[in-house]
Structure formats: C-alpha cells, structure tokens
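J.: Structure below; questions to follow.
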Amino acid sequence: MKKRIMDKVDVLAADYYSRPAQSTSEKLFIYWVLFKRLLNSFISILNAKYRLRACRTGKLITVKGRLMIRNEGKIIIGDGCRIWSHIGTTQISAGPRAVIEIGENTFINTGAIITSRKNIRIGKNCQIANQVIIMDDDFHDVYAREKTCSAKEAIIIGDNAWIATRATILKGVTIGDGAVVAAGAVVTKDVLPYTLVGGVPAKFIKSLKEDAHINLEISNLIHN
C-alpha cells in the first residue's frame, strides 16, 4: 500500500512540477491533491451505488456525475468499471428483455450512449470514448418511419478494444479483441481483432498486431 501511495505521489509531482516534490510546501501540496482525489474516488463509489441501483453491479465501480439509466431488461456491470457523466450526460438504456453486459475495468467516457433492445456485450478493459453511440436497433423503419423497426441484432465488443470519440457502432457488429475504431467512424460490419478501422462506413486501415510484432523485433535488435 505504501508503495502504491508513493507511486501516486511521484506521478502527481511530475504532473505539477515535472520533477519530484522538493520543498516542504511542495510535498504538502502534492499530499493535499492526493487526499482530494482519494476523497473524490470514494464519493464516486457512493454515487455509483445510487446511480446504478437498478443494475447488477460488481465491486469498486465509480460514476462521476448524473448518469442516466433506463433499465427495463438487464444491465450487468463488472468490477472496477468507471463511467463518467460529469461533462456530458452518459446514457445506458436496456429495453424489455434486453441485456447490456459491461466487462471488468472498462471505462466509459462522458456523453456516451449505449442503447439495447436485444444484447450489447462489451468486454474487459475496454475504452469507450466521449460521445460514442452503441445501439443494436434501428428503432424506425427506413420506408415507414412512423413504424417501429423489428430488426434487432446483438453487438459484441471484445476485450481491450478502444472505441474513439464520436464513433458509432450499429446493430449486428462484432468488434474483435484489441481492435481500435477511429474517431467519427460508423461501424456497420465486423472488425477483426487487433485491427484499426475508420471512416464512414468504417473500413480496414491497418493491422495493429503486425505493428506490435515489428516493435518487438526492433526492441530485440536494440537490446541484443
């Protein structure tokens, strides 16, 4: 525990001074900032218990701000998830018999909208950025717009995926583990694991797995 606290102190000092805190006043200031952050984390845990009272939740979930929840089905949120709703309102809505599952340690940023009428499953350690829209239903028929659309298809987002700012994920899409969806993209088709996609509609840009392999080879050459 002591090591974790000191690590946080070092990070804060680097943020504020670009070096370790030196004087007594600097050290006291850093500890004060750390105390306020820990207090805010505790408040965020209490806020999560209240805001997510209609959901099935794990441990140490934090919520910032006034999260909007509409749950007529089932919403399941795993341990350690963080949901921010303090700048723009984040909305999570599950219709009758719909299921929304959010894996452990996933982060959902401000203004995101997650709406399900069937099933949306988001994996562990995912990053859902500001104003992302994820919806498994068209809601209205293309031709007769006064009619409700009956076409609902599940969305599955794998572990460690990153959905960047203002991306839209439409019904029936599977996004593989470790994939990245670029900002503003509209995803209408499946995304392979460890690939980067972008555009409207989203298209393959490059393989992230190959980049990781190249970086590993370069690192090995440097150190050998």
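The values are calculated or read from the model by the stated rules, or taken from the named source; none is laboratory data. Everything numeric in this text was worked out from a predicted model, so none of it was measured. Neighbour counts run over all protein chains shown; Cβ positions are idealised from the backbone, glycine included.
To keep it simple, each residue is scored yes or no on (1) within 16 Å of the chain's Cα centre (by Cα); (2) on the phi > 0 side of the Ramachandran plot; (3) of a type in the set (Asp, Glu); (4) in a strand (DSSP E or B).
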{"position": "33", "(1), (2), (3), (4)": "no, no, no, no"}
{"position": "36", "(1), (2), (3), (4)": "no, no, no, no"}
{"position": "40", "(1), (2), (3), (4)": "no, no, no, no"}
{"position": "49", "(1), (2), (3), (4)": "no, no, no, no"}
{"position": "54", "(1), (2), (3), (4)": "no, no, no, no"}
{"position": "59", "(1), (2), (3), (4)": "no, no, no, no"}
{"position": "63", "(1), (2), (3), (4)": "yes, no, no, yes"}
{"position": "87", "(1), (2), (3), (4)": "yes, no, no, no"}
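J.: Continuing with this model, one more query. Examine the stretch 8-22 for a residue that is in a loop (DSSP other than H, G, I, E, B) and under 20 Å from residue 109 (Cα atoms), and state whether such a residue exists.
T.: No, the conditions are met nowhere in the stretch 8-22.
Residues checked against (1) over 21 Å from the mean Cα position of the chain (by Cα); (2) at pLDDT 95 or above:
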{"position": "160", "(1), (2)": "no, yes"}
{"position": "176", "(1), (2)": "no, yes"}
{"position": "182", "(1), (2)": "no, yes"}
{"position": "196", "(1), (2)": "no, yes"}
{"position": "203", "(1), (2)": "yes, yes"}
{"position": "216", "(1), (2)": "yes, no"}
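J.: Additional query: Of all residues being in contact with a Lys or Arg (Cβ under 6 Å, 6 or more places away or on another chain) and closer than 19 Å to residue 54 by Cα in the stretch 99-127, which is surrounded by the fewest Cβ atoms within 10 Å (Cβ to Cβ)? Just the residue, please.
T.: So, considering only residues that are in contact with a Lys or Arg (Cβ under 6 Å, 6 or more places away or on another chain) and closer than 19 Å to residue 54 by Cα, the one surrounded by the fewest Cβ atoms within 10 Å (Cβ to Cβ) is 99.
J.: Does residue 133 fit the bill of being under 24 Å from residue 84 (Cα atoms), touching a Gly at 6+ places or on another chain (Cβ under 9 Å) and at pLDDT 95 or above?
T.: No, not satisfied.
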